[in-house]
């Protein structure tokens, strides 16, 4: 039995743990305001908000309900558009803003946008115009062309400027400003009443599911016939910590939690910009860092980043643990070096040194939130003007992401110069064998190598080397 | 007035097909699509699939009691593959189960034995093999073939334009119920209730009155549900007919993308000749339309390519030929613009190429050759109230084009990594169905005893705000509050034989019919009021704000009272009105006539910035002067412009519709086929109404606005190419849309890698 608070009511269901939560909401609860647009988390029409208790507050996040396994709703507050509607057909100020600036046409995507913005209001994210726009980046609209939506979003952002940041005060403010219905004042109590500690099931045959964002896209039908071992909410697997000069990330740490981490931001200042290219807020709020590795995608953006951060995985099965460098983990197209039910329990990488540089590049068909054609990450240290400890990880060029070892060997100990770049590119080109769209990918490898190096030494390279 | 649906929309209360409450025992259907693009179906083994849990029945072409035929223009489209398979994922069997997931599981157990035949995916290849959907057609004016020697400059070349997936956010679907008398009631996600009704009639062999089709609203359609809402309704009805149970069929996004047709990809060969002073003297173009496996609406799309092949220009000697080519792709279909953008693109490409060769800016040629008052279209219609030059000039007044050009030049001089480009696009789009008989609309208006009003028309609301405009019409004529008016779902029992909601004509045809109906009722009410007030001269009576005025002064009679009296006095307060666009005709034997009620003009200027290191781009600015006539609702109409612009930009830039040589759609889901997101929107969009006259054939003088502005997206393409040229002036000028990031990269570095 899975229990959760849906809007203002406690709900129980016997549906299978891997049922997409949208089906529970729409079919069983008849809450049809949440729409199904793609069933792969790419359109945002199914956006809901999930809240979980953390200490004395509820952490609310937007999620793509079409790829959220039901079990991950356990003991949470699940909010659908019906749950933010005011009684008596009144409109809340977010809904009013959408109408005022004509940001509504066919209306199919609209509840999703409104839920993303409501999640933004509920979140701790700083209320800036750019953050407000970013909050709806995972919602597509085919009718309006977005200009009116931008206006509505910015209006809502203005409205939120006066909102207090402390949780209880914030909820009170949102309720008193008619952005949320009054039952929100009582949700914490309801959640406390169904609070449950989850732990790993002893069932070694069960399929491990974390965020579910890959599993529910790739094999939704099969999952419904399997036993599920859900790890998303197991406390021991959550969080990011610094220990022994290393950054440790738990198996259930979401991409969002990872990039909100202040320690990470200190060492990889542009992490949030990079992640904006990678996935939508809804997916970042659900997907785990470890899941990106487990998927074994040849273009995994996070896998590329972590590969050049010298990452090690801690794998566990039946209480037995082993460690494996990430570089040995990817063995073939979507094939990884672990047993089926072996869990990536932890991930760690050494804290980058003060003189370290890290950069990420990605080219895809659409600039934001798209699968990479080629993606790459570079980390290196500058020691008296020379590159040391160069690591280049690249994706999109074969069955797995990989290190560019020969190119790295060459670059070690060199200064950044036109000559260095030209030679490095020759080596890199010899090191790769792209299969599809080969010319384009070779070109992208050259360009990305250039961009990485120029990012470190902006004046050392001239565009002439590309001609 | 704001869109009347918007309150329900923002509360998530609007019902779309998948939200309708279903009857108990409702079954769910999933379509099995053929695994190959072309072949002979030897056998279909359903035995294992039938044994799967929850499966109730599996239907194939053999179970069709009527005709296995749903082609709306030409009868060349089987509902389900029988002996031959014409495209990959062609519906071949229908699994009906207690739940969708059970039906989906059973699909995987179906085994088809197929003798695979070579597939044709390229329209040029189909043309070589003379595989045509209909015979080629040519629109001709003057004699371009005699002019080439007299031209000072002649250029020729090829161009390509890719197709586009609709990505309506709501996928296709239908829900069919079996009624007591054996009739079928279908709720359908269609733009054309009557097409669905006719389709089911053919497939089930039932008379049309036994089939009721209803549509509340669509979560986007853009043409994709004009003809292609029909198969899913027919399939659901087929199962419902046999099982006598309600059946729901809603396509999964993957099935929707793989099974349905798209905007037609085109290939072109062109030749264009100029005088010394850059007047276009002659233009010839051959267009190869990729029609897919069956006609669908391809012949009509082909027609609009012919009509818009001259775009916004007067070209005295012109010949436009279109080959509608049959290939092994899903039948390509209507999509906002409907062949128009393709015809316009190739001419812009020819002009761009010529300008490049001549060392001038394309805008020099564009401006010199704009249509003018009284000039001829190649199809015989004369350009009256022609605002091509006016919109060009208004754009230049509002936006200092020279200054923009200089700013761009300055930017390009000072920036090496990124370059900017600008392009202008003049628009001329004809409004009316090119098939004259479709230009009719119906409206059924009832006034009830309490004074509330119900309106049913043949139009489908899909976000374009047409029901809002119809509410405005009724509210204005009857002079009552909009809240008194309710627009009913579109239903074949209330409006028979409705034309599809397409060709941007929905508001004109159905709004005008509503205008007629309301006016007739109003006339009777005024007569009644005159009688009640003992007045002989009805012109002294008027309705205003729910009051009856005599000589402009309020009387004691209000709307409610008047309606009660009408019933008392046995005055008819219902009306079914019909509207047929006057003046239009077209003679296909001569390819001449007056097919359009009017034309919509406009001019757009777009500025793009290309990141020359990454091959990516953004649209910085779009300034559009658009001919609304006299807009009756700018809230709705500006939204249409902005949305169409973005869709047009998507078409010309990032949206890559790709089939491999086997006829498999390569990017077949929303994670690989990318439509514009919020970051793709131009940084600045200015939409400015053209100072033009209202057109009497447009509803309230407010010109149709659905499709024309999509064509402004063409300027995005050329602005990006201009920016690319600023980076590499020697690059090859291959004019092939969309200009994907890959094409940008490969083109600007082509001499180098």
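When you scan region A:112-134, do you find a residue that is within 10 Å of chain B (Cβ to nearest Cβ) and surrounded by fewer than 20 Cβ atoms within 10 Å (Cβ to Cβ), even just one? Looking for residues that are within 10 Å of chain B (Cβ to nearest Cβ) and surrounded by fewer than 20 Cβ atoms within 10 Å (Cβ to Cβ), one finds at least one in region A:112-134, hence yes. Would it be correct to say that residue A:64 is within 22 Å of the chain's Cα centre (by Cα), within 14 Å of chain B (Cβ to nearest Cβ), modelled with pLDDT of 95 or more and crowded, with 24+ Cβ neighbours inside 10 Å? It is true that residue A:64 is within 22 Å of the chain's Cα centre (by Cα), within 14 Å of chain B (Cβ to nearest Cβ), modelled with pLDDT of 95 or more and crowded, with 24+ Cβ neighbours inside 10 Å. Out of all the residues in region B:582-617, which are buried (at least 24 other Cβ atoms within 10 Å of the Cβ), over 24 Å from residue B:704 (Cα atoms) and more than 14 Å from chain A (Cβ to nearest Cβ)? Matches in region B:582-617: B:607 only.
The rows are residues; the columns are (1) assigned by TED's automatic domain parsing to the domain that holds residue B:510; (2) without any contact (Cβ under 8 Å) to a residue 12 or more places away in the chain; (3) in contact with a strand residue (DSSP E or B) (Cβ under 9 Å, 6 or more places away or on another chain).
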residue	(1), (2), (3)
B:419	no, no, yes
B:422	no, no, yes
B:429	no, no, yes
B:446	yes, no, yes
B:455	yes, no, yes
B:458	yes, no, yes
B:467	yes, no, yes
B:475	yes, yes, yes
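Scanning region B:468-513 for residues that are part of a loop (DSSP other than H, G, I, E, B), touching a helix residue (DSSP H, G or I) at 6+ places or on another chain (Cβ under 9 Å) and within 24 Å of residue B:334 (Cα to Cα) turns up B:492, B:495, B:496, B:497, B:498, B:499, B:500, B:501, B:502, B:503, B:504, B:505.
Residue-wise test of (1) within 14 Å of chain A (Cβ to nearest Cβ); (2) under 22 Å from residue A:218 (Cα atoms); (3) surrounded by fewer than 22 Cβ atoms within 10 Å (Cβ to Cβ); (4) touching a residue at least 60 places away in the same chain (Cβ under 8 Å).
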{"site": "B:665", "(1), (2), (3), (4)": "no, yes, no, yes"}
{"site": "B:672", "(1), (2), (3), (4)": "yes, yes, yes, no"}
{"site": "B:676", "(1), (2), (3), (4)": "yes, no, no, no"}
{"site": "B:686", "(1), (2), (3), (4)": "yes, no, yes, yes"}
{"site": "B:693", "(1), (2), (3), (4)": "no, no, yes, yes"}
{"site": "B:696", "(1), (2), (3), (4)": "no, no, yes, no"}
{"site": "B:699", "(1), (2), (3), (4)": "no, no, no, yes"}
{"site": "B:707", "(1), (2), (3), (4)": "yes, no, no, yes"}
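For region A:351-389, the set of residues classified as within 8 Å of chain B (Cβ to nearest Cβ) and farther than 17 Å from residue A:273 by Cα consists of A:365, A:373, listed by residue number. The residue that is farthest from residue B:337 (Cα to Cα), counting only those in region B:196-223 that are within 14 Å of chain A (Cβ to nearest Cβ) and assigned to a loop (DSSP other than H, G, I, E, B), is B:216. Evaluate region B:216-236: report whether one residue or more is under 26 Å from residue B:335 (Cα atoms), surrounded by fewer than 21 Cβ atoms within 10 Å (Cβ to Cβ) and touching a residue at least 40 places away in the same chain (Cβ under 8 Å). The answer is yes; a qualifying residue exists.
For the condition touching a helix residue (DSSP H, G or I) at 6+ places or on another chain (Cβ under 7 Å), in contact (Cβ under 8 Å) with a residue 40 or more places away in the chain, assigned to a loop (DSSP other than H, G, I, E, B) and facing chain B (nearest Cβ under 9 Å), residue A:75 does not qualify.
Within region A:219-229, if we keep just the residues that are assigned to a helix (DSSP H, G or I) and free of Cβ contacts under 8 Å to residues at least 12 places away in the same chain, the residue that is farthest from residue A:46 (Cα to Cα) turns out to be A:222. From the list A:438, A:457, A:428, the one residue that fits, being within 14 Å of chain B (Cβ to nearest Cβ) and in contact (Cβ under 8 Å) with a residue 12 or more places away in the chain, is A:428.
Among the residues of this structure, residue A:302 does not count as one that is under 29 Å from residue A:373 (Cβ atoms) and touching a strand residue (DSSP E or B) at 6+ places or on another chain (Cβ under 9 Å). So for region A:337-344 (the condition being within 18 Å of the chain's Cα centre (by Cα), more than 14 Å from chain B (Cβ to nearest Cβ), touching a residue at least 60 places away in the same chain (Cβ under 8 Å) and in a strand (DSSP E or B)), does at least one residue qualify? There is at least one residue in region A:337-344 that is within 18 Å of the chain's Cα centre (by Cα), more than 14 Å from chain B (Cβ to nearest Cβ), touching a residue at least 60 places away in the same chain (Cβ under 8 Å) and in a strand (DSSP E or B). Each residue in region A:135-169 was checked for being more than 8 Å from chain B (Cβ to nearest Cβ), surrounded by fewer than 21 Cβ atoms within 10 Å (Cβ to Cβ) and in contact with a helix residue (DSSP H, G or I) (Cβ under 7 Å, 6 or more places away or on another chain), and 6 pass. Does residue B:692 qualify as being at pLDDT below 95, more than 30 Å from residue A:41 (Cα to Cα) and in contact with a helix residue (DSSP H, G or I) (Cβ under 8 Å, 6 or more places away or on another chain)? Judged against the criteria, residue B:692 is a match. Residues in region B:387-416 that are touching a helix residue (DSSP H, G or I) at 6+ places or on another chain (Cβ under 8 Å) and within 14 Å of another protein chain (Cβ to nearest Cβ): B:412, B:416. Flag set for residue B:565, criterion: touching a helix residue (DSSP H, G or I) at 6+ places or on another chain (Cβ under 8 Å) and either closer than 30 Å to residue B:711 by Cα or touching a residue at least 12 places away in the same chain (Cβ under 8 Å) (or both). Return a yes/no flag: does region B:140-148 have any residue that is assigned to a helix (DSSP H, G or I), loosely packed, with under 15 Cβ neighbours inside 10 Å and more than 14 Å from chain A (Cβ to nearest Cβ). So far as region B:140-148 goes, yes, one or more of its residues are assigned to a helix (DSSP H, G or I), loosely packed, with under 15 Cβ neighbours inside 10 Å and more than 14 Å from chain A (Cβ to nearest Cβ). Scanning region A:298-336 for residues that are closer than 13 Å to residue A:393 by Cβ, out of contact with any helix residue (DSSP H, G or I) (no Cβ under 7 Å at 6 or more places or on another chain) and part of a loop (DSSP other than H, G, I, E, B) turns up A:298, A:299, A:308, A:309, A:310.
The set of residues in region A:172-186 being out of contact with any helix residue (DSSP H, G or I) (no Cβ under 8 Å at 6 or more places or on another chain) and surrounded by 15 or more Cβ atoms within 10 Å (Cβ to Cβ) is empty.
Taking region B:1-119 and the helices (runs of 4 or more DSSP H) fully enclosed by it, the elements with 2 or more residues that are within 11 Å of chain A (Cβ to nearest Cβ) and touching a helix residue (DSSP H, G or I) at 6+ places or on another chain (Cβ under 9 Å) are at B:6-10, B:100-107.
Residues that are surrounded by fewer than 24 Cβ atoms within 10 Å (Cβ to Cβ) and in a helix (DSSP H, G or I) within region B:723-743 comprise B:725, B:726, B:727, B:742, B:743, listed in sequence order. Scanning region A:80-95 for residues that are more than 8 Å from every other protein chain (Cβ to nearest Cβ) and closer than 15 Å to residue B:13 by Cα turns up A:83, A:84, A:86, A:87, A:88, A:90, A:92.
The values are calculated or read from the model by the stated rules, or taken from the named source; none is laboratory data. The shown structure was predicted, so the numbers you read here are calculated from the model rather than taken from an experiment. With ideal geometry, Cβ positions are generated from the backbone for all residues, glycine too; neighbour counts draw on all protein chains shown.
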